[in-house]
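The values are calculated or read from the model by the stated rules, or taken from the named source; none is laboratory data. Note that the structure is predicted; figures quoted are calculated from it, not measured. Positions of Cβ are backbone-derived with ideal geometry, glycine not excepted, and every protein chain shown enters the neighbour counts. Protein only, heavy atoms only, side chains kept; ligands, DNA and RNA dropped before computing areas. Shrake-Rupley method; radii C 1.70, N 1.55, O 1.52, S 1.80 Å.
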Amino acid sequence: MMYGGINNKKHIRIAIALAIFFIALFPCYVLAEGKTGSLEICYRVSDGGKVTNIDGAVFGIKRVTDYEGKLPSEGNKEQVNLFKLSAEETALLAEELSKGRDDWDIQGTTDKDGIIRFPDLETGIYLVTQTGGKGMSQKCETAKPFLISVPSEEGYDVVCYPKTTILKDKVNPKTGDEMGLRGETVLLISSVMLLVGLLISRSEEGGSKV
């Protein structure tokens with residue numbers, strides 16, 4: 001009986017060790033089971049060391065596949081594994097997936113701090129696209145679509161920073177020329193009036209001496 005008890009304990013220890021081994025080997029898949037995450041978008045731009053929050057930008061997100069990263073095949077196309085794509089291929093795929101799409105899981109607008117937070121998200125790969133905007137976002141280039149996983153290496157609360165730039169005001173050359181021409185005309189008229197005034201003054205002085 002003693003030997004049987006020892007063997008049973010030994011088997012239990014082996015089972016526990018194997019369980020720990022598999023959890024360590026596949027941490028993402030084990031932890032992702034049954035949990036939800038969140039995605040926070042921080043939309044800001046830095047120009048000359050000055051950080052500007054971009055409010056009013058509307059972003060839509062769409063879960064395109066599960067956490068394994070395999071897109072469903074369409075027609076004769078082969079199934080795509082997102083984790084095997086290069087950064088350039090992933091960017092092109094995001095552009096393609098965002099074209100003409102209006103079936104967003106959820107949309108939101110950046111606040112005064114340039115932030116949106118999407119809570120309680122099912123784990124998987126999400127397409128993020130800027131779909132519109134007002135306020136400060138109208139003065140910036142539209143952010144390019146991108147794909148992001150929830151959870152990521154940082155955990156279930158994922159933060160991303162879409163890239164953009166502030167659009168520079170374009171000066172109308174014709175308007176500038178017109179303003180310059182008007183300034184020169186005013187200066188010329190003022191000079192002529194001053195000259196006429198001097199001539200009249202001298203004329204009056206000469207007449208009073210006679």
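Between VAL80 and LEU71, the built amide H atoms are under 5 Å apart, and every one of these is 5 or more places off in sequence or on another chain.
Residues whose amide H lies under 5 Å from that of THR65, counting only those 5 or more places away or on a different chain, are ILE125; hydrogens are built 1.01 Å from N in the peptide plane.
Let me check I've understood the local charge: for THR129, count other residues with C-beta under 12 angstrom from its C-beta, Lys and Arg +1, Asp and Glu -1. What total comes out? List each step's numbers first, then the result.
On the way: positive: LYS62, LYS99, ARG101, LYS144; negative: GLU95, GLU96, ASP102, ASP103, ASP105.
Net charge around THR129: -1.
Under 13 Å from the Cβ of TRP104, count the other residues' Cβ atoms, weight Lys and Arg +1, Asp and Glu -1, and hand me the total.
Details: positive: LYS62, ARG63, ARG101; negative: ASP102, ASP103, ASP105.
Net charge around TRP104: 0.
Overall shape: prolate for region 116-165, with the ratio a/c of the largest to smallest alpha carbon gyration tensor axis at 1.5 or above and a/b above b/c. Going by accessible surface with a 1.4 Å probe and the largest first, TYR43, TYR67 read TYR67, TYR43. Shape class of region 63-147 from the Cα gyration tensor (axes a ≥ b ≥ c, square roots of the eigenvalues): prolate, since a/c reaches 1.5 or more and a/b is larger than b/c. For VAL159, nonlocal amide neighbours, meaning residues 5 or more places apart or on other chains whose placed amide H falls under 5 Å from its own, are GLU40.
With a 1.4 Å probe and all protein chains in place, put LYS112, LYS70 in order of accessible area, largest first. Write out the running numbers ahead of the final one.
Numbers: LYS112 155, LYS70 90 Å².
So the residues, ranked largest to smallest area, are LYS112, LYS70.
Which GluC sites (Glu not before Pro) in region 78-159 sit in a loop by DSSP (not H, G, I, E or B) and have at most 13 other Cβ atoms within 10 Å of their own Cβ? Hits after loop and neighbour filter: GLU78, GLU141, GLU153, GLU154. In this simple spin-label approximation, LYS163 and SER46 carry label points 7 Å from Cα along the Cα→Cβ vector, and these lie 1.3 nm apart.
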